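A short worksheet on the structure shown next.
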Amino acid sequence: MSSSTQNTATNPAVLMVLPDGTVLYRTWQDAEAARAQRDATPGKQGLKSQSQAKLGELYQGREGQAVPVTLGGLMEFQFTGLLVVMVVLTALSLVCAAVGRLIRTIEPPPAQPAAAQPPVPVPEPPQGSIHPGLSDELLVVLLAAAAAEVLKAPVRVERFRPLTAKEWSWAAQGRHDLQDHRLK
């Protein structure tokens, strides 16, 4: 047993000492008192790890001795951590690239079409039409059918005329005002 772990016979606050050297205290206050006493006494037990030590403090070195924290030591520690992270990220990137190539080699190539079919000719829209590919009459019929479906009632189109350039600019301005999300 080390000097920091105490036997239950000599200290009534100690409940049990585990085989790994961990000390279990009877109450939380006893554990706090023991922790404060341990931190107050200088020695190897009170040293911080290098990742917790600040500039000028002592930390536990590789061989267990107390080593002061220097700026060079902190930079070396941080650079080592950064290097480990970058190596791991590079390895993950290479693994992902290798898996992608493996999947591409395993997948069968897409089937080629049997015979190239000539393109289907698209009818030219009539001159003066609002919608490319539809005549004005067909567009009115489609819009009336859609309105009847949404309203669940018959719809009658009274008048249909295309917008002029001036009316289009007002419509665009109205959309801009409705969709403008800047603070005012």
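Looking at 104, 62, 35, which is the one that is basic (Lys, Arg), closer than 30 Å to residue 10 by Cβ and free of Cβ contacts under 8 Å to residues at least 24 places away in the same chain?
Selected residue: 35, the only one of 104, 62, 35 that is basic (Lys, Arg), closer than 30 Å to residue 10 by Cβ and free of Cβ contacts under 8 Å to residues at least 24 places away in the same chain.
I need the full set of residues from the stretch 95-144 which are in a loop (DSSP other than H, G, I, E, B), modelled with pLDDT of 75 or more and within 21 Å of residue 158 (Cβ to Cβ), in order please.
Correct list: 134, 135.
So, of the residues in the stretch 26-43 that are at pLDDT 80 or above and under 30 Å from residue 63 (Cα atoms), which turns out to be surrounded by the fewest Cβ atoms within 10 Å (Cβ to Cβ)?
Per the criteria, the residue is 36.
Exactly one condition in (1) loosely packed, with under 11 Cβ neighbours inside 10 Å; (2) under 28 Å from residue 81 (Cβ atoms); (3) at pLDDT 80 or above; (4) of a type in the set (Asp, Glu) is false for residue 63; which is it?
Condition (3) is where residue 63 drops out.
Being touching a Leu at 6+ places or on another chain (Cβ under 7 Å) and either surrounded by fewer than 12 Cβ atoms within 10 Å (Cβ to Cβ) or modelled with pLDDT under 75 (or both) is the filter here; which residues of the stretch 44-59 pass it?
Listed by number, the residues that qualify are 47, 55.
For the stretch 145-184, which positions are closer than 27 Å to residue 135 by Cβ, polar (S, T, N, Q) and surrounded by 10 or more Cβ atoms within 10 Å (Cβ to Cβ)?
169
Could you check the stretch 56-84 and list, in sequence order, the residues that are of a type in the set (A, V, I, L, M) and either touching a strand residue (DSSP E or B) at 6+ places or on another chain (Cβ under 8 Å) or within 19 Å of residue 39 (Cα to Cα) (or both)?
Passing the criteria: 58, 66, 67, 69.
The values are calculated or read from the model by the stated rules, or taken from the named source; none is laboratory data. Worth saying up front: this structure is predicted, and the values here are computed from it rather than measured. Cβ atoms come from the backbone with ideal geometry, glycine included; neighbour counts cover every protein chain shown.
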